[in-house]
Each structure stands twice: as structure tokens, then as C-alpha cells.
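Accompanying notes for the structure given below.
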Amino acid sequence: MSEIVEVAGFGVALDRVYDPIGHFWVSMVPAFPGDTPGPPGERARIGMDALGVETSGTIAQLAFLPVGEHTKRGEAFGSLEAAKFVGPLTSPLSGTVSATNDAVVTDPALVERDPYGAGWLIELDLTDPGELTGLVAGPQAIKVWFEAEVEDYRMKGVLAE
């Protein structure tokens, strides 16, 4: 379990990288049970960060591409129906869907309760590990980026004061 730190009033896990556009986190996971997470380029687990969860509102339904389907960075890997947002979940990376989290399909509120743990969404076998360089990485960079995002959302009226 990763350590969650508070940044601008939200919990943030610093042991992964973040997509600054879609508010998704990415962490490398073992491709096979018993393996250790290999070098970037194997399998990535993707979930929503706390700000993405907050700005979506209560999540009513999630759907994902089936295992074996390919998605590209910027394309939909699934869809979300929530109180404040209905639409596509846009992939931060290109790859083939290798796993989906059936637990969040059955209980979408799991994403809200545990966004950095049991509330993960999908796993991708990456086709272009170089795309990881376009994500926000490193504890200090993550904190600075996330704090700026929260401030921007508050100024735009997306978040209550």
C-alpha cells in the first residue's frame, strides 16, 4: 500500500506518475503473478486521482474496453457516468488492455473510497513506453503540479472553496 500525503486538501500517492490532462495515475505492475514490476514498458495500472474523482462527483457506472482491445494515448479506454460528468475515460498511454477491475464495475463507489488502491480501473500492456516521459513524475513535481491544479480548479469555480 502506498503512502498517501495531503496536497491542497486532497490525498495523493507519490509512488506513481500522473497524467496532467485526464487526472489519471499510472503505476507499473508485474506482468505475471510472482514477477516484480519490470522496467517501464511492461504493464501499467491506471486509476483516477483524487481530483479527478472529486470533479466527477458520485460515480454511478463504469465500463471498460474488453481485455485484448488496443487503445492509444488520448483515446477512450472506457466510459464513466457520474453526477458531474458523463463521458469517455481518456487513456494516458497506448497499449493493449490486459486487465480490467471488475470490482469497480460492480461497485463504482470503490473508486471514490480507495482511488489509489482497490479502486484502480484497467491495466495496459504498453506499446510505447516512451509516453511515460510525458507524465508528471517525482514526489516534488507531483506536489507542485497537483497544488497548481487544485488552485486552478478553485479559481474556475470547479471546486468549492
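Among the residues of the stretch 120-161, write down those that are among the basic types (Lys, Arg) and farther than 21 Å from LEU80 by Cβ.
LYS143, ARG154
Here's a check for you: in the stretch 107-157, which residue that is of a type in the set (Ser, Thr, Tyr) and part of a loop (DSSP other than H, G, I, E, B) is farthest from LEU65 (Cα to Cα)?
Here the answer is TYR116.
Return yes when ALA141 is over 15 Å from the mean Cα position of the chain (by Cα), modelled with pLDDT of 95 or more and hydrophobic (A, V, I, L, M, F, W, C) and no when it is not.
Yes: the conditions hold for ALA141.
From ILE46, ILE59, ILE21, grab the single residue that is of a type in the set (Val, Ile, Thr), surrounded by fewer than 16 Cβ atoms within 10 Å (Cβ to Cβ) and within 28 Å of VAL5 (Cα to Cα).
ILE21
The values are calculated or read from the model by the stated rules, or taken from the named source; none is laboratory data. Please read these numbers as outputs of a predicted model, since none were measured by experiment. Cβ sites come from the backbone with ideal geometry, for glycine too, and all protein chains shown count toward neighbours.
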